[in-house]
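The values are calculated or read from the model by the stated rules, or taken from the named source; none is laboratory data. Predicted, not measured: the structure shown is a model, and the values here were computed from it. Virtual Cβ from ideal backbone geometry, glycine too; neighbours counted across all protein chains shown.
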Amino acid sequence: MTVTRFAPSPTGRLHVGNIRTALHNWMLARKTDTQAGGTFVLRIDDTDAERSREEYVEAIREDLAWLRIEADSEERQSQRLDTYEAAFAKLLKAGRIYPAFETQQELELKRKIQLGRGLPPIYDRAALDLTDGQRAEKEAEGIQPHWRFKLDYDEQISWEDGVRGRVKFDPAQLSDPVIRRADGSWLYMLPSTVDDIDMGITQVLRGEDHVSNTAVQIQMFIAMGAQPPAFAHEALLVGKEGKLSKRLGSLGCDAFRERGIEPEAIIALLARLGTSLPVEPIVDRAVLLDTFDLSTFGRAPAKFDEADLERLNTAIVHEMPYGEVKDRLPDGMDEAGWHAVRPNVTTVSEAQEWWRLVTGPIEQPEFSQEDEAYLGEAAQAFAWGDNPWGALTAALKDRTGRKGKALFLPLRQALTGMDHGPDMGELLPLIGEDEARARLDRAAA
Ligand code: GLU
């Protein structure tokens, strides 16, 4: 059974990059659902009490609900502090955690010196050389230690990444990560590993900015006697120019919703962006799930273009059944109304504008004398039936010899006040006999 998780820090709203990670983890779990029953866990990474906010936790839940990326369970790191404490105590006892006393400035200075000498800025483990006496002295001075996880230099790190293939790290090329601050608060690295073990996570899929974290965490899994999960790191999302974009970092569900983007358009795009599969207006998630496969993911950054999203959205809106949109349509718009205007909208809310052509009032243009006379004929020829538009235009063609634009445009203008718009054959029955007659009479007068 596959167990995946999405682990946002509630320090802000979800942006398109996080949404993509959430979606892919949801897909991994749901994909196996049909075979073995997968589980998708929402884990709120809220150990940073200062920056985490309850309003963001709620916003994350709401956004995921809007996208219909439902979690099977929710966990919160802030409620699991005892567990981290226990893991910490064990690792400390096993000699895999050690206290360090350097200040930020001291560490900065060390880095500068290393870089100046052309060396990689790896922590030099000076804290390991402190004697018990020196440590006691620091503490007596009121300096509380922060804590580092001691990497095992003899244990080469290697994993088969679901996207990147075989990845290898020499632990000696990594810094022992700080896992706990001097005030006792937790950094991301250890709690995440403890959670992945406790929650039985089988597959960790996240952005490639986490690759070196994975290297460290693999040693943590092993140090805690656990089997590391399968890892996959997807290429980052970039703007259409190919660069990491600030805009993407703030582009989230609110902005999408405001612009009339349907959740299914976001899902259809993000499910396949950066893969070798074509991005198509697919609303059936079963189809997206069936074709979802990490081996189709490329190593190059995935380019997110808002214009693509808008195109996809329009295509999806054009196919949306009435039942799915009816609560968002203008008063009185029925199924026939939606079907009439649907091909002309790019978002559902635009239905409102087109519906005004039916409900009125409409503003007709100034007609030439010739067109006025023509519309007079139209008023006379007008008869109601099964297909009033077909009957009207056929009759007028016979009576006036007009065809094409000369035949249709003045009628459209008289009946809707617009030069273009939904199919008149569908619109006219919605306008209704009396109103249509009144509009023609008015244009002819
Ligand atoms: N809270 C971490 C983040 O948002 C989670 C990373 C992970 O998936 O392990 O980057």
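Summary table
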quantity: Single unsatisfied condition, A182 versus (1) of a type in the set (A, V, I, L, M); (2) touching a His at 6+ places or on another chain (Cβ under 9 Å); (3) more than 22 Å from L294 (Cα to Cα); (4) surrounded by 19 or more Cβ atoms within 10 Å (Cβ to Cβ); calculated: (4)
quantity: Filtered residues of region 288-305 (kept if assigned to a helix (DSSP H, G or I), touching a strand residue (DSSP E or B) at 6+ places or on another chain (Cβ under 9 Å) and not polar (S, T, N, Q)); calculated: L294
quantity: Among the candidates V41, V3, residue that is closer than 25 Å to R272 by Cβ, of a type outside the set (G, A, S), in contact (Cβ under 8 Å) with a residue 60 or more places away in the chain and touching a Lys or Arg at 6+ places or on another chain (Cβ under 6 Å); calculated: V41
quantity: Single unsatisfied condition, D48 versus (1) away from the ligand (no atom under 15 Å from the Cβ); (2) within 27 Å of S245 (Cα to Cα); (3) at pLDDT below 95; calculated: (1)
quantity: Any hit, region 218-226, residues being within 28 Å of E319 (Cβ to Cβ) and among the β-branched types (V, I, T); calculated: no
quantity: Selection within region 181-191 - in a loop (DSSP other than H, G, I, E, B), within 13 Å of the ligand (Cβ to nearest atom) and over 19 Å from A232 (Cα atoms); calculated: L187
quantity: For R61: the one exception among (1) more than 11 Å from the ligand (Cβ to nearest atom); (2) touching a residue at least 24 places away in the same chain (Cβ under 8 Å); (3) assigned to a helix (DSSP H, G or I); calculated: (2)
quantity: Test for I197: is it assigned to a loop (DSSP other than H, G, I, E, B) and out of contact with any Leu (no Cβ under 8 Å at 6 or more places or on another chain); calculated: no
quantity: From the options G401, G376, G432, G385, residue that is within 45 Å of the chain's Cα centre (by Cα) and of a type outside the set (D, E); calculated: G432
quantity: Breaking point among (1) closer than 23 Å to E264 by Cα; (2) within 12 Å of the ligand (Cβ to nearest atom); (3) in contact with an Asp or Glu (Cβ under 6 Å, 6 or more places away or on another chain), for T39; calculated: (2)
quantity: Some residue of region 75-95 being among the hydrophobic types (A, V, I, L, M, F, W, C), closer than 26 Å to E262 by Cα and more than 13 Å from the ligand (Cβ to nearest atom); calculated: no
quantity: Residue that is within 29 Å of S175 (Cα to Cα) and not in a helix (DSSP H, G or I), where the choices are R51, R111; calculated: R51
quantity: Residue list for region 351-373, filter: in contact (Cβ under 8 Å) with a residue 60 or more places away in the chain and under 16 Å from D423 (Cα atoms); calculated: W354, L357, V358
quantity: In region 206-216, the residues that are assigned to a helix (DSSP H, G or I) and not acidic (D, E); calculated: H210, V211, S212, N213, T214, A215, V216
quantity: Residue list for region 135-152, filter: surrounded by 12 or more Cβ atoms within 10 Å (Cβ to Cβ) and outside any strand (DSSP E or B); calculated: R135, E137, K138, E139, I143, Q144, P145, K150, L151, D152
quantity: Selection from region 395-428 of residues that are surrounded by fewer than 18 Cβ atoms within 10 Å (Cβ to Cβ), in contact with a helix residue (DSSP H, G or I) (Cβ under 7 Å, 6 or more places away or on another chain) and farther than 21 Å from E366 by Cβ; calculated: A395, K397, R399, K403, D423, G425, E426
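For every residue, the table says whether it meets (1) in contact with a strand residue (DSSP E or B) (Cβ under 8 Å, 6 or more places away or on another chain); (2) of a type in the set (A, V, I, L, M); (3) touching a residue at least 12 places away in the same chain (Cβ under 8 Å).
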| position | (1), (2), (3) |
| --- | --- |
| L151 | no, yes, yes |
| I157 | yes, yes, yes |
| R164 | yes, no, yes |
| D195 | yes, no, yes |
| Q219 | yes, no, yes |
| M224 | no, yes, yes |
| H233 | yes, no, yes |
| L237 | yes, yes, yes |
| E241 | no, no, no |
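Table: residues versus (1) of a type in the set (F, W, Y); (2) buried (at least 20 other Cβ atoms within 10 Å of the Cβ); (3) at pLDDT below 95; (4) under 17 Å from Y188 (Cα atoms).
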residue	(1), (2), (3), (4)
R43	no, yes, no, yes
R61	no, no, no, no
A71	no, yes, no, no
R76	no, no, no, yes
A86	no, no, no, yes
L109	no, no, no, no
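Here is a yes/no grid of residues against (1) at positive phi; (2) at pLDDT 95 or above; (3) among the acidic types (D, E):
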site: R135; (1), (2), (3): no, no, no
site: E141; (1), (2), (3): no, no, yes
site: F149; (1), (2), (3): no, yes, no
site: E160; (1), (2), (3): no, yes, yes
site: G165; (1), (2), (3): yes, yes, no
site: F169; (1), (2), (3): no, yes, no
site: D176; (1), (2), (3): no, yes, yes
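Residue-wise test of (1) of a type in the set (D, E); (2) within 16 Å of the ligand (Cβ to nearest atom); (3) assigned to a strand (DSSP E or B).
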site: A172; (1), (2), (3): no, no, no
site: T193; (1), (2), (3): no, yes, no
site: V204; (1), (2), (3): no, yes, yes
site: I218; (1), (2), (3): no, yes, no
site: A232; (1), (2), (3): no, yes, yes
site: V238; (1), (2), (3): no, no, yes
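One line per residue, one yes/no per condition, for (1) outside any loop (DSSP other than H, G, I, E, B); (2) closer than 17 Å to I19 by Cβ:
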{"position": "F256", "(1), (2)": "yes, yes"}
{"position": "I261", "(1), (2)": "no, yes"}
{"position": "I267", "(1), (2)": "yes, yes"}
{"position": "L277", "(1), (2)": "no, no"}
{"position": "A286", "(1), (2)": "yes, no"}
{"position": "L309", "(1), (2)": "yes, yes"}
{"position": "P330", "(1), (2)": "no, no"}
